[in-house]
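Coordinate-derived values only; no laboratory data. Bear in mind the structure is a predicted one, so any value in this text is a computation, not a measurement. Glycine gets a Cβ as well: all are built from the backbone with ideal geometry, and neighbour counts include every protein chain shown.
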Amino acid sequence: MSRVKARLKFMMDDVGPEAYRGLVEERLGRRLEDFALPAAQSGEHITGVHPQRQPDLVYAGFPVTAGLVNGDQLQRIADVAEREGASVRLSREQNFILTHIPADRAEAVVGEVARIGFPLGASRLRAVSIACTGSPLCNYAVALTKPRLVQLMDHLEATFGAEASTLRIHLDGCPHACAHHWTGDIGLQGTTLRERTAGGEKQEGYDIYLRGGQGARAAIGLPVVKRVPGDKVNEHVERLVQFWIAERQEGEDFRAFTDRRGDDELVAAATLRPIDEVRAELRPRASRRAEAADTAEAANG
């Protein structure tokens, strides 16, 4: 077994959900109960102050930009929670939630947490976008993650203002996908460029994934723009967002726009290359995807 592929998702991809269920039932010695599929959830952490089921108590969700927090901040958050009789919970989006806050103390708690460094007024972009731990702390990562995400969000907010708040960006430093780059509106997966530096060193780059989603519109995104140099990521993503703003239909969000437009149009917009040149390059890729889809359909059929 390759350690690189020692993850459940690879096994599921190899055997399929029905065969996987059969293996689990064989191990358990009993059949698993069937049930109706629950309604899809939004998949998004809600920030702000909200009432709890318990009378006179509220909870507050605080956005944490790129999941970055230091030890002093953690201690101060713990002090607030202990003093108020609250609990601390963590969300998938790397934000935190204080629960069981007395309703009459909510404003004071929100103000104190803002002074610690986590105001509720942060944009939705910063509340829902995530990055894995990445380089230099993870041995698998081949590219920067959290610093790169912060730079990208800063750039998009400076360029597009409130328009950027509708986006969800997921950034990973390797294919292990700890930050689920294939389920964001825009996903970035760290990779290495084919070209080396003059000194023979590897150069970091990113594949840009599009058409991913969660909740009722759950989908696995695919890499559309490949091997973008690290220092060119901001401008490539900027062009994609600009393409959406300029060409979208009324009420069309970024995900719906990328679903509607072809890979050739998206790559041409991101790279500023002639579309005929892009189409010629993409033909072999489209053929390989069609063959893979046919193979998967035959295996599941």
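Enter the angle in degrees (range 0 to 90, nearest 10) between the Cα long axis of helix 17-28 and the first principal axis of the Cα atoms of the chain, meaning the one along which they spread out most.
60 degrees
For segment 165-227, take N as its residue count and report Rg(C-alpha) divided by 2.2 N^0.38 Å.
1.25
What do the square roots of 5 times the Cα gyration tensor eigenvalues come to for segment 1-152, in whole Å, largest first, as semi-axes of the equivalent ellipsoid?
Listed largest to smallest, the semi-axes of segment 1-152 are 36, 24, 14 Å.
For the chain, what's the relative contact order in percent, using C-alpha pairs closer than 8 Å and at least 6 residues apart? Numbers along the way, then the final one.
Numbers: 466 pairs, mean separation 32.1, N = 301.
This gives 11 percent for the chain.
Rg(Cα) of segment 48-120 divided by 2.2 N^0.38 Å?
On the way: Rg = 11.3 Å, N = 73, 2.2 N^0.38 = 11.2 Å.
Rounded to two decimals, the normalised Rg is 1.01.
Taking a ≥ b ≥ c as the square roots of the eigenvalues of the Cα gyration tensor of segment 69-110, is the shape rounded (a/c under 1.5), prolate (a/b larger than b/c) or oblate?
Taking the square roots of the gyration eigenvalues as a ≥ b ≥ c, segment 69-110 is oblate.
Per residue and in cubic angstrom, what volume does the convex hull of the Cα atoms of the chain have? Numbers along the way, then the final one.
Working: hull volume 62.1 nm³, N = 301.
Each residue corresponds to 206 Å³ of Cα convex hull volume.
Using DSSP to define loop residues, name the GluC sites (Glu not before Pro) in segment 22-80 whose beta-carbon has at most 10 other beta-carbon atoms within 10 Å.
E33
What's the FRET efficiency of A216 with M11 using the Cβ-Cβ distance as r and R₀ = 25 Å, to the nearest 0.05?
In this case the efficiency is close to 0.40.
Please report how far the C-alpha centroid of segment 240-272 lies from that of segment 129-164, rounded to the nearest whole angstrom.
21 Å
For segment 38-90, I need the span (max minus min coordinate) of the C-alpha atoms along each principal axis, in Å, sorted largest to smallest.
Computed over the Cα atoms, the extents are 40, 32, 17 Å.
To the nearest 10 degrees, how steeply does helix 106-116 sit against the main Cα axis of the chain, on a 0 to 90 scale?
Helix 106-116 sits at roughly 60 degrees to that axis.
Run the reach check for K226 against aspartates and glutamates, Cα to Cα strictly under 13 Å, same-chain hits fewer than 8 apart removed. What comes back?
E204, D207, D263, D264, E281
What's the angle, to the nearest 10 degrees (0 to 90), between helix 146-160's Cα axis and the longest principal axis of the chain?
That works out to roughly 90 degrees.
Run through all the Cα pairs of segment 155-301 and give the fraction in each 5 Å bin from 0, expressed as whole percent.
Percent of pairs per bin, in order: 2, 9, 16, 20, 22, 16, 9, 4, 2, 0, 0.
So in the chain, which Cys have no other cysteine's beta-carbon sitting under 4.7 angstrom from theirs?
When partners are defined as cysteine Cβ atoms under 4.7 Å apart, the chain leaves C138, C174 without one.
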